[in-house]
Amino acid sequence: GGHITTSEGITTSGASHLASGVTIGLQANDTSDNYSLEVAGQIKSSGVVTAPITASDAATVTFDLKQSNFHMLTLARSSTTLVFADAKPGQRFLTRLTQDSTGSRAVVWPGGISWARAAGVGTPPPLSTTAAHSTMYGFVCTSGVGATMYYDGFIIGSGIQGTST
């Protein structure tokens, strides 16, 4: 149980291994994103799973992409505006939107999405309107800075039955 404190960084050559159960903590000191870890080379991991975040319904729902790459929402109002926050170019993420027991709910997507769709370029693929059914969308943040980000958007599946969010 010791720790290493350095203001100059730690450099290793070759492979560096940590024993099972060792935790690496990051201290907030970088003004760009509060926490950063720079790695030249590869990071290999196993068993890393980030739990989905289930948002509460509201007129505007923000999916914080710094917190998770998988966000779920049960739609319970006629229209919900979605916001993607803190995306980084190259980031991939999923949204699972589920109709409540009434169904026929709609969403307003953030700007900057180029939808992959043969017909209706720029038009989002339709959201399942069936009560208690879900639609899964996938996104890749392709570029941008700050609040002006650009995404490629894909429908992964629609009319998904089963456990709701």
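Per the Kirkwood definition applied to all pairs of different Cα atoms, how many angstroms is the hydrodynamic radius of the range 73-165?
By the Kirkwood definition, the hydrodynamic radius is 13.7 Å.
For the range 42-165, with only Lys/Arg (+1) and Asp/Glu (-1) charged at the beta-carbon, what is the dipole magnitude about the Cα centre, in debye rounded to 20? Working shown, then result.
On the way: 8 positive and 5 negative charges, 40 e Å.
I would put it at about 200 debye.
Any read-out appearing in this document is the output of simple, stated calculations on the displayed coordinates, not a laboratory observation. What you see is a predicted model; the values in this text were computed from it and never measured. Neighbour counts run over all protein chains shown; Cβ positions are idealised from the backbone, glycine included.
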